[in-house]
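Reviewing the structure listed below.
What follows draws every value from the coordinates through simple rules; no lab data is involved. Just so it is clear, the model here is predicted, and its values are computed rather than measured. Neighbour counts run over all protein chains shown; Cβ positions are idealised from the backbone, glycine included.
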Amino acid sequence: MSRIGRMPIVVPPGVEVRIDNNVVSVKGPKGELARKVSSEMKLTLQDGRLLVERPSDGTLHREMHGLTRSLLANMIEGVTNGYEKSLEVVGVGFRADKEESNVNLRVGFSHTVCIRPRPGVTLDVDAKNVSIKVSGIDKEAVGQMAAEIRRVRPPDAYKGKGIRYTGEVVKLKPGKSGKAVGGGKAK
């Protein structure tokens, strides 16, 4: 039995869960999400708990059991509290500027890079223009948007310049060594 799949999902007060065939809709204080799940998974909602059950111990059913439970738990967490990822822009002259809902990045290219948020995702830039906050109710969309922003200029392996997640540790490589002592040609 999947340890993750068999755990019940507690539905907090103020969150409404509807199950229509294999489409689960979750509505909460932050918004509404819907997802189509595998028709083979059995979903039951009772006493404020959502349970996911699988029909057999087949490989596909075992794979889908924990995945379905995690996706539904993330939906409930998203409409209750929301999700947030933050990125740092590191480098001399590197900065991010907010323009309406878009973010313009100046990260060492000859041009600025305009990032448009995905639907359901908001982008914010701090006052110092070096920190970007990605937030929304869909965990998948927030993570994908943060990854797309980071992909514009990933951290450099030698100087550490670029866009990184807040708290990400970038291990720097040593640069070239000088000429070895006594390594020249003998005359």
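The table below gives the values:
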quantity	calculated
Positions within the range 154-167 being touching a residue at least 40 places away in the same chain (Cβ under 8 Å) and closer than 30 Å to Leu71 by Cα, in sequence order	Ile163, Arg164, Tyr165, Thr166
Subset tally (residues that are touching a residue at least 12 places away in the same chain (Cβ under 8 Å) and either over 13 Å from Gly5 (Cα atoms) or surrounded by fewer than 16 Cβ atoms within 10 Å (Cβ to Cβ) (or both)) for the range 61-70	1
Pick from the range 82-103, criterion of a type outside the set (Gly, Ala, Ser) and more than 16 Å from Arg164 (Cα to Cα), ranking: nearest to the chain's Cα centre (by Cα)	Tyr83
